[in-house]
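Colleague: Before I ask anything, let me first share the structure, which is written out below as structure tokens.
What follows is calculated from the coordinates using simple rules that are stated; it is not laboratory data. None of the values given here were measured: they were computed from a predicted structure. Here the Cβ is made from the backbone with ideal geometry for all residues, glycine too, and neighbour counts use every protein chain on show.
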Protein chains: 2
Amino acid sequence: MSANTSKPTAKHNESYKDAKAILVAVDNVIFGFDPQEEKLKVLLFKRQVDPEAGKWSLIGSFVQADESADIAAQRILTKFTGLDDVFLEHFQTYSEVDRDPGARVISLGYYSLIRLDEQKEELVESFHAHWFHIDEIPKLVIDHNQIIQDALRLLQEDSKRKPIGFNLLPEKFTIPKLLKLYQEIMQEQLDDRNFRKKILSVGYLDRLEEKDKSNSKKGAYYYQFNVEKYFELVKEGYTLQLP
Amino acid sequence: MSANTSKPTAKHNESYKDAKAILVAVDNVIFGFDPQEEKLKVLLFKRQVDPEAGKWSLIGSFVQADESADIAAQRILTKFTGLDDVFLEHFQTYSEVDRDPGARVISLGYYSLIRLDEQKEELVESFHAHWFHIDEIPKLVIDHNQIIQDALRLLQEDSKRKPIGFNLLPEKFTIPKLLKLYQEIMQEQLDDRNFRKKILSVGYLDRLEEKDKSNSKKGAYYYQFNVEKYFELVKEGYTLQLP
DNA sequence: TCAAAAGTGTTTTCGGTACACCCATGG
DNA sequence: CCATGGGTGTACCGAAAACACTTTTGA
């Protein structure tokens, strides 16, 4: 008697045959942290296909018929960096009809965290890919600047609640480096005493005997992330909560 | 000289022509709260197309060539409930190759929050859709049970950080009802005194003079969510944080 | 011996939690 | 007048925040 938004009697699940297929891509915001420079970076490369060939772009690919989106995101990550088994997470979908001038493409935004010291540099170079500091991202193809911004915001959220920062550091790292990493991610200064207190009080960091003397005469103790202890804590219902 | 994961010289952006298009659907987990029953519910309907026609399913549709996924999710929501301009959010993507036995379909999971008192009941009924209490969801088609579970988890997370609960209540509501709603969402008991203190201290609830006497002789004051005050708070950097 | 980074403690403040009693009113 | 749900206040505890000094050692 009202609400004539649609005919209730019409079939309201379109059949598979009537539906129009769409190109689906993954775009992967690959983050890395350079412990020397103490900078958070994103891997970009020059797009190879028209339109907009030659412009900087995120690492992406179409999702193939025989792979899930997760696998596709993993595939291109491995292809460009040689790395496998790293932190990789879907965070947003971009489906505006006209976002890609080449065709109607729905893009699945992923972000991954890798250890710069473990990447295969020859591979990165062979694709003419380049690491850009998060503050110096050039104008990118399509909506990729937006995608990076969204990824960074999620990285910030996630960093507060999960110990994912360790995916960006070498196996062994010092507390000062960890602090610098968090400051880069959060884009704000943190009190070093309170940070140290908080992060060590959780109990998932093991101090090694070894020290890193590359930055000071005194040297800073190396620490290692203890995954087992972290899983125990999670089982007990613990959830990290940084400011 | 290592990392032979792929030929660096090969084109590493597949051209648009080589890519295979994929069916893309949205599945919308529509939440409603019945203030009388004090139950959180999800809208489901009987799937019309094979395979698995006749089984209970989320409200979904394929994404059309001329619409974004957001619009598609909005479209089916309006079609089934008559409602427009409600809380609607994408939360996850389901892209396993064999998830749908009918074809390769990538599904975008959405969840929406509606006011049960505002839905067009004739419309809901005309589609033979039905509201199921969150604890009594039947076995659904494909991976839809999983999708609901994921949606509920996100609703719980979001509820702690954003004042989205108000999207499930009538314009005017009492604190006891709001408490019951939060308890339904969180699936746990909350201390009523602390809850009241916390939620009122934020300052985005306006007390009306009117009382709801349907549940007690004394009557409970009606409150209203004040969007303007909330936006002001957000601008000042405020973020809600419930236990 | 001193510059430069690493490491350590204390006090204050604020929010979270636990907890028990009075209030209003229709029947 | 009393049962029922609605509403209020307080004491305690622990975590977060602010804040400054000592330690180490290579150059």
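Colleague: Computed on alpha carbon atoms, what radius of gyration and Dmax characterise the protein assembly as shown, expressed in Å?
Modeller: Looking at the protein assembly as shown, its Cα Rg and Dmax stand at 25.1, 82 Å.
Colleague: Continuing with this model, one more query. For Cα pairs less than 8 Å apart in space and 6+ apart in sequence, what is the mean separation divided by the residue count of chain B, i.e. the relative contact order in percent?
Modeller: RCO, chain B: 19 percent.
Colleague: Please report, for A:K197, the nm distances (one decimal) from its label point, 7 Å out from Cα along the beta-carbon direction, to the equivalent points in the remaining copies, shortest first.
Modeller: With the label placed 7 Å along Cα→Cβ, A:K197 yields 2.4 nm.
Colleague: Summing -39500 (n - 2.57) over the DSSP H runs of n ≥ 4 in the protein assembly as shown and dividing by its residue number, what mean residue ellipticity at 222 nm do you reach, to the nearest 500 deg cm²/dmol?
Modeller: Computed ellipticity for the protein assembly as shown at 222 nm equals -8500 deg cm²/dmol.
Colleague: Over the stretch A:127-189, consider all pairs of different Cα atoms and compute the Kirkwood hydrodynamic radius from their mean reciprocal separation; express it in Å, one decimal.
Modeller: Averaging 1/r across every pair of different Cα atoms and inverting gives 13.3 Å.
Colleague: Right, another one. Can you work out D for the stretch B:131-243 in µm² s⁻¹ from Stokes-Einstein, where Rh is the Kirkwood radius over C-alpha pairs, the temperature is 37 °C and the viscosity is 0.692 mPa s?
Modeller: This corresponds to a translational diffusion coefficient of 209 µm²/s.
Colleague: Another question, then. What fraction of the DSSP beta bridges in the stretch B:8-157 is antiparallel, stated in percent and rounded to the nearest 5?
Modeller: 70
Colleague: A follow-up question, please. Just for the Cα atoms in chain A, what are the lengths along the principal axes, largest first, rounded to whole Å?
Modeller: Here the spans come out as 75, 49, 32 Å, largest first.
Colleague: Starting from the amide H of A:D100, placed 1.01 Å from N in the peptide plane, find each other amide H under 5 Å away whose residue is 5 or more places distant or on another chain.
Modeller: Hits under the 5 Å cutoff: A:V105.
Colleague: OK, next. Quick one: check the C-alpha center-to-center distance for the stretch B:93-149 versus the stretch A:124-144, whole angstrom.
Modeller: For the stretch B:93-149 versus the stretch A:124-144, the Cα centre distance is 39 Å.
Colleague: Within the stretch B:29-50, whose backbone N sits under 18 Å from a point 7 Å along Cα→Cβ of A:K17?
Modeller: B:48-50
Colleague: Can you give the average number of partner chain beta-carbon atoms within 10 Å of each beta-carbon in peptide A:183-192, as a whole number?
Modeller: Whole-number average of other-chain Cβ neighbours for A:183-192 is 0.
Colleague: Looking only at other chains, what is the average number of their beta-carbon atoms within 10 angstrom of each beta-carbon in A:92-102?
Modeller: Average neighbour count from other chains, rounded to a whole number: 4.
Colleague: Neighbouring Cβ atoms within 10 Å as the yardstick, rank B:T78, B:T174 fewest first.
Modeller: If I rank by nearby Cβ atoms, fewest first, I get B:T78, B:T174.
Colleague: State, to one decimal in nm and shortest first, how far the label point of A:E232 sits from each corresponding label point in the other identical copies (label point: 7 angstrom along Cα-to-Cβ).
Modeller: For A:E232, the inter-copy label distances come out at 5.0 nm.
Colleague: Inside 10 Å of the C-beta atoms of A:125-135, what's the mean count of C-beta atoms belonging to other chains?
Modeller: Partner-chain Cβ atoms within 10 Å, mean over residues of A:125-135: 1.
Colleague: Further question on the same structure: Between chains B and A there is a rotation axis; tell me the chain B residue with the nearest beta carbon and how many whole Å away it sits.
Modeller: That would be B:A21, 2, residue then distance in Å.
Colleague: Sticking with this one: So what does the Cα-only Debye profile of the stretch A:21-161 read at q = 0.10 Å⁻¹, as log10 I(q)/I(0), no solvent term?
Modeller: -0.30
Colleague: Turning to a different aspect of this structure: Computed over the Cα atoms of the stretch A:171-235, what is the ratio Rg over Rh, Rh following Kirkwood?
Modeller: Working: Rg = 12.6 Å, Rh = 12.8 Å.
Rounded to two decimals, Rg over Rh is 0.99.
Colleague: Sequence neighbours fewer than 8 away in the same chain don't count; with that in mind, list the lysines whose C-alpha is under 25 Å from A:K20.
Modeller: A:K7, A:K11, B:K17, B:K20, B:K46, B:K55, B:K79
Colleague: Shortest first and in nm to one decimal, what separations exist between A:D85 and its copies in the other chains, measuring from label points 7 Å along the Cα-to-beta-carbon line?
Modeller: Reported distances to equivalent positions: 5.4 nm.
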